[in-house]
1. If I filter the range 145-190 down to residues being assigned to a helix (DSSP H, G or I) and of a type in the set (Asp, Glu), which single residue comes out as surrounded by the most Cβ atoms within 10 Å (Cβ to Cβ)?
2. Which number in (1) at pLDDT below 90; (2) assigned to a helix (DSSP H, G or I) marks the one condition that residue 41 misses?
3. Looking at residue 211, is it surrounded by fewer than 15 Cβ atoms within 10 Å (Cβ to Cβ) and over 26 Å from residue 34 (Cα atoms)?
4. What number of residues within the range 134-144 are in contact (Cβ under 8 Å) with a residue 40 or more places away in the chain and either small (Gly, Ala, Ser) or open to solvent by 50 Å² or more (accessible area, probe 1.4 Å) (or both)?
5. Determine which member of the set 128, 71, 80 is part of a helix (DSSP H, G or I), closer than 24 Å to residue 214 by Cβ, open to solvent by 30 Å² or more (accessible area, probe 1.4 Å) and modelled with pLDDT of 90 or more.
6. Give just the number: which of (1) in contact with a Leu (Cβ under 8 Å, 6 or more places away or on another chain); (2) at positive phi does residue 75 not satisfy?
7. Within the range 108-122, can you find the residues that are outside any helix (DSSP H, G or I), modelled with pLDDT of 85 or more and open to solvent by 100 Å² or more (accessible area, probe 1.4 Å)?
8. Where the second residue is among the aromatic types (Phe, Trp, Tyr) and the first is in contact (Cβ under 8 Å) with a residue 60 or more places away in the chain and lies in the range 105-128, which pairs have Cβ atoms under 9 Å and are six or more apart or on separate chains?
Amino acid sequence: LIKSFLDYLRYERNYSEKTVLAYSEDIKQLQEFAQEEYGRFNPLEVEAELIREWIVSLMDRGYTSTSVNRKLSSLRSFYKYLLRQGEVTKDPLCKITGPKNKKPLPVFLKESEMNKLLDETDFGEGFKGYRDRLIIEVFYATGIRLSELIGLDDKDVDFSASLIKVTGKRNKQRLIPFDKELGRSMQEYVNVRNQALPVRSDAFFVRKNGERLGRGIVAYI
């Protein structure tokens, strides 16, 4: 399908080889991301969630919003072609909005605003509610990065020493202390999680199927 699309650009749209190569690299980049995250890539089964996770990963790796939007443009052309060919019935990018070109300055919450968020937000009952609330608490109390949070395993959380071991950029490890209040919240989550999901991966934060959380889910939360 990818080769057919590139031939279409080359022979029917008369695009230059340089432009065709750029389209090819963009699609290949998504393919590599999908294979790394989910173990396989089928362009006919791509969902919007995968695209969103890919966008986040690109931004985390330092790509500018202009570069990311150009890559999305390549994918939009690819899926418009697949729609015309009858290979797919919907475009996974139809509801995807690219990042804004001007990155806004960070907005900081006051302690009172954070307390209001945690106290007045209804996170829901059961495992998912405990997990979603705890994710926000951990971000706020520790300053942990998103990639570090989703990379946490159970063995990385030392309740007796009140320490979290995280693996950051370039595989550098560091220890983050946490207070008793966050420790209680984490232990409550673990108890609820273990009861709700007796079979799961080694990850600390997991989905309903027991597998490790992805970037897209955390970003949505």
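1. First pass over the range 145-190, keeping only residues assigned to a helix (DSSP H, G or I): 146-150, 154-156, 169-171, 180-190.
Cutting the leftovers down to of a type in the set (Asp, Glu) gives us 148, 154, 156, 181, 188.
Values: 148: 21, 154: 14, 156: 19, 181: 10, 188: 13.
Selected residue: 148.
2. All conditions pass for residue 41, except number (2).
3. Numbers: surrounded by fewer than 15 Cβ atoms within 10 Å (Cβ to Cβ): yes; over 26 Å from residue 34 (Cα atoms): no.
Criteria not met by residue 211.
4. Here is the first cut: in the range 134-144, the residues in contact (Cβ under 8 Å) with a residue 40 or more places away in the chain are 134-138, 141-142.
Subset that is either small (Gly, Ala, Ser) or open to solvent by 50 Å² or more (accessible area, probe 1.4 Å) (or both): 141.
Residues flagged as in contact (Cβ under 8 Å) with a residue 40 or more places away in the chain and either small (Gly, Ala, Ser) or open to solvent by 50 Å² or more (accessible area, probe 1.4 Å) (or both) within the range 134-144 amount to 1.
5. On the way: 71 fails: open to solvent by 30 Å² or more (accessible area, probe 1.4 Å); 80 fails: closer than 24 Å to residue 214 by Cβ.
Unique residue meeting the criteria: 128.
6. The one condition residue 75 does not meet is (2).
7. So the first thing to find is which residues in the range 108-122 are outside any helix (DSSP H, G or I), and the list is 108-110, 121-122.
Now drop any that are not modelled with pLDDT of 85 or more, which leaves 121-122.
Correct list: 122 only.
8. Correct list of pairs: 127/189.
The values are calculated or read from the model by the stated rules, or taken from the named source; none is laboratory data. If you're wondering where the values come from, they're calculated on a predicted model, not measured in any experiment. Neighbour counts are summed over all protein chains in view; Cβ atoms, including those assigned to glycine, are modelled from backbone coordinates with ideal geometry. For accessibility, only protein heavy atoms count, side chains too; no ligands or nucleic acids. Shrake-Rupley method; radii C 1.70, N 1.55, O 1.52, S 1.80 Å.
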